[in-house]
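Encoded as structure tokens, the structure appears first; notes follow it.
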Amino acid sequence: MVTGVDVDTWWNIIERARAIAGDRADDRDPPDDPLVEILTDLISELEPVEIIAFERIFVQMQDLAYRRPLRNAAQLIEGGCGDDGFVDFRAGLMLLGRTVFTRAVADPDSLADLPVVVRMGRAGEGWIGCEDASYAAKRAYERVQGESESFDEVLTAAFAAMDRPDHPAGEDWDIDDEDETRKHLPRLSALFLDPED
């Protein structure tokens, strides 16, 4: 039983879900992606207050990755990335684990190291974004409590008190300017702008 949820505990839960999913942790093509259901099961083992803490950290991690260079990388990788798509991309990025997430936030071009990204660039197969990850804590809370209204109420108040970014941080450039994109994301550009013939 987890007695508290801090950032380290939060990542440990993600890593436990990844370990249970095994090879499927990094190969999450829908419709049979097991990772979110595994994660939801693990979150369901927490107390209601801990589930709320889990969701707060989830949002903090989303905010940490709310960066223009990462959004441009997501747009390149996924062939476009609107606001909702970038939310899903960041959620899926978290499911790839702490090391991948931390490295990608600091250096989005590091995503070129991931087999799923290489496959996306070369064969057009695979996906990072994961909308369902954004609902895992709420679904777990509803399992435990039998309702989700109190989850929404507590989190609405908590988010209002948080210092959340209005705009993505970091340097921006026109992703359609291939020269600029190659300069900022050389390895991803090699995969997605210069496909093998």
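The values are calculated or read from the model by the stated rules, or taken from the named source; none is laboratory data. This is a predicted model, so every value here is computed, not measured. Cβ sites come from the backbone with ideal geometry, for glycine too, and all protein chains shown count toward neighbours. These accessible areas exclude ligands, DNA and RNA; they are computed on the full protein's heavy atoms, side chains included. Shrake-Rupley method; radii C 1.70, N 1.55, O 1.52, S 1.80 Å.
Overview of values
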quantity	calculated
Gyration tensor (alpha-carbon) shape descriptor, the chain, a/c threshold 1.5	prolate
Normalised per residue, the volume of the convex hull around the Cα set of the range 134-191 (Å³)	140 Å³
Highest-MSF residue in the chain out of Ala17, Ala140, Ala160 [GNM, Cα springs under 10 Å]	Ala160
Rough spin-label spacing in nm, given labels placed 7 Å along Cα→Cβ, for Glu131 and Val7	3.0 nm
Max mean-square fluctuation residue, GNM over the chain, Cα-Cα springs under 10 Å, options Glu45, Glu55, Glu78	Glu45
Translational diffusion of the range 94-162, µm² s⁻¹ [Kirkwood Rh, Cα pairs; Stokes-Einstein; 25 °C; 0.890 mPa s]	166 µm²/s
In the range 144-197, the GluC sites (Glu not before Pro) that fall in loop regions by DSSP, at most 14 other Cβ within 10 Å	Glu147, Glu171, Glu196
Apportionment of accessible area to carbon and sulfur, the chain, percent (1.4 Å)	47 percent
Contact order normalised by residue count of the range 27-109, Cα under 8 Å, 6+ apart, percent	27 percent
Gaussian network model of the chain, springs between alpha carbon atoms under 10 Å - residue of Ser134, Ser150, Ser110 with greatest fluctuation	Ser150
Sum of -39500 (n - 2.57) over DSSP H runs of 4+, divided by residues of the chain (222 nm, nearest 500)	-18500 deg cm²/dmol
Shape of the range 1-75, Cα gyration tensor, a/c cut at 1.5	oblate
Cβ-placed point charges (K, R +1; D, E -1), dipole of the chain about Cα centre in debye, nearest 20	520 debye
